[in-house]
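Before any comments, here is the structure.
The values are calculated or read from the model by the stated rules, or taken from the named source; none is laboratory data. A quick note: this is a predicted structure, and the numbers were derived from the prediction, not measured. As a convention, Cβ positions derive from the backbone with ideal geometry for all residues, glycine included, and neighbour counts pool all protein chains shown.
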Amino acid sequence: MAASDTITPSEFIKHHLTNLTFGQHPNGDWGIAHTAEEAKEMGFWAVHLDSMLWSILLGILFIAVFRKVALRASAGVPGGMQNFVEMIVDFVNDNVRGSFSGKNDLIAPLGLTIFCWIFLMNLMDLVPVDLIPRITQEVAALFGADPHHVYMKVVPTTDPNITFGMSIGVFILILYYSIKIKGVGGFVGELTGLPFQTDKVWLKPFTTVVNLILEGVNLIAKPISLALRLFGNMYAGEMIFILISLLYSAGIAFAIFGGALQFVWAVFHILIITLQAFIFMVLTVVYLDLAHAEHH
């Protein structure tokens with residue numbers, strides 16, 4: 001929906017922040033929500049089709065490009081794409097070596113996947129906010145759908161369902177390796193035996209409960225902070241792009257100013273999308289390093 005349509009700025013913003021949602025309507029029927037209110041009524045089990053679509057497509061793009069380069073890699077003079085891929089692999093590998101002290105062949109590929117996948121999802125924020133939604137609406141109109149009820153968010157990392165899904169995956173790995181390396185007893189002992197320690201038997205129950213609360217909060221905070229940090233930064237960036245796009249409907253002078261402002265913000269945003277992918281990767285590696293470390 002273009003900013004020039006006869007809608008209010010608040011309606012324009014709300015439309016661009018609404019996902020294409022599939023779920024169960026209050027009457028029991030399953031289908032796609034036609035309004036933001038219908039999407040909200042679908043509840044927890046609703047699926048954001050646009051977030052799923054773009055995250056999967058970008059994941060496939062990452063796999064396809066890296067696989068193609070790997071199959072064509074040569075020991076001779078590398079091509080431009082091979083150089084680029086090798087540079088990314090070396091960058092991730094150096095950071096993993098500096099942050100992970102254990103031995104696990106999964107960590108480096110995991111770090112590479114996280115960095116590239118999140119970067120590609122973040123990169124969609126640089127696509128003009130109306131381009132893909134407008135194309136989607138035009139295609140939907142050809143099939144008789146009301147374009148005003150067709151939604152398409154193209155930045156998966158502005159959807160907390162995506163960021164929490166990735167962070168929960170990391171959390172599961174943390175729990176798995178914590179138990180695998182330390183054993184159930186070692187893992188529970190780590191949660192209940194630190195940071196407060198005492199040799200007095202009568203104080204043991206008290207310190208155990210306090211340690212469990214402190215370490216439990218620290219453990220749960222890891223996936224929550226991972227998800228919210230990425231979501232918050234990308235959501236704010238998307239919101240700024242949407243607000244800038246409103247200037248194009250306010251006259252030629254504002255349109256020119258909006259174009260210049262959009263260019264400046266896009267250049268700055270390149271740093272943000274790269275940094276957020278890097279932070280998510282590094283924190284994942286650090287958390288898994290802590291899961292591999294045995295405390296005596």
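Which of the residues belonging to the range 156-173 are closer than 23 Å to V127 by Cα and in contact with a Ser or Thr (Cβ under 7 Å, 6 or more places away or on another chain)?
Of everything in the range 156-173, those that are closer than 23 Å to V127 by Cα and in contact with a Ser or Thr (Cβ under 7 Å, 6 or more places away or on another chain) turn out to be P156, T157, D159, N161, I162, T163.
Per-residue answers, yes or no, for (1) at pLDDT below 85; (2) buried (at least 16 other Cβ atoms within 10 Å of the Cβ):
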| position | (1), (2) |
| --- | --- |
| V155 | no, yes |
| T163 | no, yes |
| S167 | no, yes |
| L173 | no, yes |
| G185 | no, no |
| Q197 | yes, no |
| V209 | no, no |
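Residues of the range 20-73 being acidic (D, E) and over 13 Å from M152 (Cα atoms), which ones? Steps first, please.
Filtering the range 20-73 for residues acidic (D, E) gives 29, 37-38, 41, 50.
Those that are acidic (D, E) and over 13 Å from M152 (Cα atoms): D29, E37, E38, E41.
Of the residues G144, G165, which single one is under 30 Å from D50 (Cβ atoms), free of Cβ contacts under 8 Å to residues at least 12 places away in the same chain and under 12 Å from the mean Cα position of the chain (by Cα)?
On the way: G144 fails: under 12 Å from the mean Cα position of the chain (by Cα).
When all the criteria are applied, what remains is G165.
Picking from N122, N93, N83, which residue would you name as being without any contact (Cβ under 8 Å) to a residue 40 or more places away in the chain and within 20 Å of L275 (Cβ to Cβ)? Give the steps one after another, and end with the answer.
Values: N122 fails: without any contact (Cβ under 8 Å) to a residue 40 or more places away in the chain; N83 fails: within 20 Å of L275 (Cβ to Cβ).
Criteria check complete, one pass: N93.
Is it the case that some residue within the range 56-77 is buried (at least 17 other Cβ atoms within 10 Å of the Cβ) and either among the acidic types (D, E) or farther than 24 Å from N122 by Cα (or both)?
No: zero hits.
Tally the residues that are surrounded by 13 or more Cβ atoms within 10 Å (Cβ to Cβ) and either farther than 24 Å from S10 by Cα or touching a strand residue (DSSP E or B) at 6+ places or on another chain (Cβ under 8 Å) (or both), restricting the search to the range 228-274.
Of the residues in the range 228-274, 7 are surrounded by 13 or more Cβ atoms within 10 Å (Cβ to Cβ) and either farther than 24 Å from S10 by Cα or touching a strand residue (DSSP E or B) at 6+ places or on another chain (Cβ under 8 Å) (or both).
For the range 188-201, state whether one or more residues are in a helix (DSSP H, G or I), within 27 Å of K103 (Cβ to Cβ) and touching a residue at least 40 places away in the same chain (Cβ under 8 Å).
First, the residues of the range 188-201 that are in a helix (DSSP H, G or I): 188-193, 201.
Now drop any that are not within 27 Å of K103 (Cβ to Cβ), which leaves 188-191, 193.
Now restrict to residues that are touching a residue at least 40 places away in the same chain (Cβ under 8 Å): 190.
So far as the range 188-201 goes, yes, one or more of its residues are in a helix (DSSP H, G or I), within 27 Å of K103 (Cβ to Cβ) and touching a residue at least 40 places away in the same chain (Cβ under 8 Å).
Which of the following residues is in a helix (DSSP H, G or I) and over 25 Å from S51 (Cβ atoms): F268, F257, F241? Before you say what the answer is, go through the steps one by one.
Numbers: F268 fails: over 25 Å from S51 (Cβ atoms); F241 fails: over 25 Å from S51 (Cβ atoms).
Going through F268, F257, F241 in turn, just one is in a helix (DSSP H, G or I) and over 25 Å from S51 (Cβ atoms): F257.
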